[in-house]
There are 2 protein chains.
Amino acid sequence: MLARDVAEEYPVVRGDDGALEAAEMIAARRLPGVVVVDAAGRPVTVLPGPEVLRFLVPPYVQEDASLARVFDERTADRCAARLRDRRVKELLPPEDERRELPEVDGDATVIECAAVMARLRSPLLVVSDDDHITGVITASRLLALLLPGVD
Amino acid sequence: MLARDVAEEYPVVRGDDGALEAAEMIAARRLPGVVVVDAAGRPVTVLPGPEVLRFLVPPYVQEDASLARVFDERTADRCAARLRDRRVKELLPPEDERRELPEVDGDATVIECAAVMARLRSPLLVVSDDDHITGVITASRLLALLLPGVD
């Protein structure tokens, strides 16, 4: 059983795509995040849901969550507006602070996938063939494959 | 809209529960992890799927994933066996290395939840009332609540 056989389809976004659309994709499909690819379709990094939240919530509220108590529902609308004019690439950490892309070749074994995921403590693994994304594997899917009697 | 109104039911495990059962729960229900509670039902920490994988994969394979290429399917069975005699608490990092529990009161607002989640970069937030877990909120669920037209 190889990585490319168990990879699942996963939505990808490009750096120039709208940040609001990426956020809506995560929200509507209940995903842990989206995979960001470059113009040639090569996976660059993973944009997790909590990173998007950082751009919805004003910085002074992140510092002191009790300030959020004074926010009303209208303010939530203004939070969404904070994403409207941004691009996905503006939500990513600077290149030198980005986490190593959790990635394996399509011909990686299931144990190899588990080893990479365990080392990087990533909930998501990108499977690539010839520098193009084939799909992703989640930690829970890998556990299901490794534990007899679950899948 | 308060945290307790939007919290979703979530499986919890105790430190003395079997590690294999916790892993099977994550696998079967495709969860990012499980919430660990103490004997009194108070949430202690989150056990994410990738942490469980660390105990399935022998350490020398985590160091050098290419070694996994020599593993066959029978070896995968032996990996599962590595969990059989362990308890959940043996899978947790030592107390001083554990991440801060991402937790809010049941009466936290949605923006407050987003602020805590953004600060801790956690995909999961535990909602508690009177020291007992009410449920959890995922990052994608929060995004759905904050973005108009998604939920």
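Do you know which residues across region A:118-138 are modelled with pLDDT under 90, buried (at least 18 other Cβ atoms within 10 Å of the Cβ), within 16 Å of the chain's Cα centre (by Cα) and not polar (S, T, N, Q)?
Listed by number, the residues that qualify are A:P123, A:L124.
Step by step: first the residues of region A:4-26, then only those that are touching a Lys or Arg at 6+ places or on another chain (Cβ under 8 Å), under 20 Å from A:A81 (Cβ atoms) and among the small types (G, A, S), then the one that is surrounded by the fewest Cβ atoms within 10 Å (Cβ to Cβ). Which residue is that?
The extreme case among them is A:G18.
Which helices (runs of 4 or more DSSP H) does region B:10-70 wholly contain that include 2 or more residues that are at the interface with chain A (Cβ under 7 Å from one of its Cβ atoms) and within 11 Å of the chain's Cα centre (by Cα)?
Where helices (runs of 4 or more DSSP H) fall fully within region B:10-70 and carry at least 2 residues being at the interface with chain A (Cβ under 7 Å from one of its Cβ atoms) and within 11 Å of the chain's Cα centre (by Cα), they are B:19-28, B:49-56.
Looking at (1) at pLDDT below 90; (2) surrounded by fewer than 21 Cβ atoms within 10 Å (Cβ to Cβ); (3) touching an Asp or Glu at 6+ places or on another chain (Cβ under 8 Å); (4) within 25 Å of B:I111 (Cβ to Cβ), which is the only condition A:G33 fails?
(2)
Find the residue count for region B:56-69, including only residues that are of a type outside the set (K, R), surrounded by fewer than 18 Cβ atoms within 10 Å (Cβ to Cβ) and in contact with a helix residue (DSSP H, G or I) (Cβ under 7 Å, 6 or more places away or on another chain).
So the count comes out to 2.
Would you pick out the residues in region B:114-151 that are facing chain A (nearest Cβ under 7 Å) and small (G, A, S)?
Correct list: B:A114, B:A115, B:A118, B:S122, B:A139, B:S140, B:A144.
The values are calculated or read from the model by the stated rules, or taken from the named source; none is laboratory data. These figures come from a predicted structure and were not determined experimentally. Here the Cβ is made from the backbone with ideal geometry for all residues, glycine too, and neighbour counts use every protein chain on show.
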